[in-house]
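Since the structure comes first, as structure tokens, the remarks are kept for the end.
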Amino acid sequence: MGLVGIFAQVGRDLYHGGLVTSHGGNLSLRRKGEMVITKTGAMLGHLSDNDLVRVPLDGEISPQASREAPLHRAVYLATNAKALVHAHPAHAIALSFSHDTIVPRDAEGLYTLPTVPVVEVAQPIGSQELAQAVAQTLMDAPVVVVRGHGTFAKGEDLWDALRYTSVLETSCEILYLLTLSQPL
């Protein structure tokens, strides 16, 4: 399967899994001296080769690239990540308002993500502050939640980053359901 096919399949899984809205989120892969990232406003559920932009890891970022391209670049420069998935999973975002760390209670979540840090920045979309906070956090964690915004997960490939994203959202949904089942 080619590069576009991998991006398209992961994008479809994110969209059909309810982890992104029609035009939300972004994906990237590190390549030799560059990254391939989705365009700004790309529909992850319907990606084609016209939705991917090559961006050098040092140098100018194309205005067509996702507005989070500086963040993706910062993560690649600070970590050994080979892929990055940014999503907007509803339960993880909801829990980010009341938690500084998310600790799964389910077996898969505990096994895959014993703890998930939550970071807060003044400007949670496209800022240098966000790029620095996420890059620093992903040095020690596979996934981070940005309070009120969404998740950024690194991986060996896009499938790996998708796995962290989906496990986190399922764990957050379980945590939410547990709060509903508590006696009053």
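Structure notes:
- Some residue of the range 26-39 being at pLDDT 95 or above and over 19 Å from Trp159 (Cβ atoms): yes
- Some residue of the range 56-68 being at pLDDT 95 or above, buried (at least 17 other Cβ atoms within 10 Å of the Cβ) and within 15 Å of the chain's Cα centre (by Cα): yes
- Only listed residue being in contact with an Asp or Glu (Cβ under 8 Å, 6 or more places away or on another chain) and surrounded by fewer than 17 Cβ atoms within 10 Å (Cβ to Cβ), chosen from Gln132, Gln182, Gln128, Gln123: Gln123
- Applying a threshold of 7 Å to beta carbon distances and a minimum spacing of six or more residues, or different chains, the list of pairs starting in the range 75-89 at a residue that is hydroxyl-bearing (Ser, Thr, Tyr) and ending at one that is part of a loop (DSSP other than H, G, I, E, B) and crowded, with 19+ Cβ neighbours inside 10 Å reads Thr79/Leu138.
- Residue match in the range 56-65 (condition: touching a residue at least 40 places away in the same chain (Cβ under 8 Å), in contact with a strand residue (DSSP E or B) (Cβ under 7 Å, 6 or more places away or on another chain), of a type in the set (A, V, I, L, M, F, W, C) and closer than 19 Å to Gly5 by Cα): no
- Qualifying position, being among the small types (Gly, Ala, Ser) and crowded, with 22+ Cβ neighbours inside 10 Å, among Ser48, Ser22, Ser28: Ser28
- Scan of the range 12-38 for residues that are in contact with a strand residue (DSSP E or B) (Cβ under 7 Å, 6 or more places away or on another chain) and over 18 Å from Ser62 (Cβ atoms), ordered by number: Leu14, Leu19, Val20, Gly25
- Helices (runs of 4 or more DSSP H) wholly inside the range 1-116 that include at least 3 residues being over 30 Å from Leu178 (Cβ atoms): 3-16, 69-78
- Residue in the range 85-101 that is over 21 Å from Thr21 (Cα atoms) and either polar (S, T, N, Q) or crowded, with 23+ Cβ neighbours inside 10 Å (or both) present: yes
- Residue that is farthest from Ser96 (Cα to Cα), among those in the range 119-158 that are among the small types (Gly, Ala, Ser) and in a strand (DSSP E or B): Gly155
- Condition check for His91: at pLDDT 95 or above and touching a Cys at 6+ places or on another chain (Cβ under 6 Å): yes
- The one condition in (1) buried (at least 20 other Cβ atoms within 10 Å of the Cβ); (2) polar (S, T, N, Q); (3) in contact (Cβ under 8 Å) with a residue 24 or more places away in the chain that Thr137 fails to fulfil: (3)
The values are calculated or read from the model by the stated rules, or taken from the named source; none is laboratory data. Given the structure is predicted, the values throughout are model-derived calculations rather than measurements. Here Cβ is always computed from backbone atoms with ideal geometry, including for glycine, and neighbour counts include all displayed protein chains.
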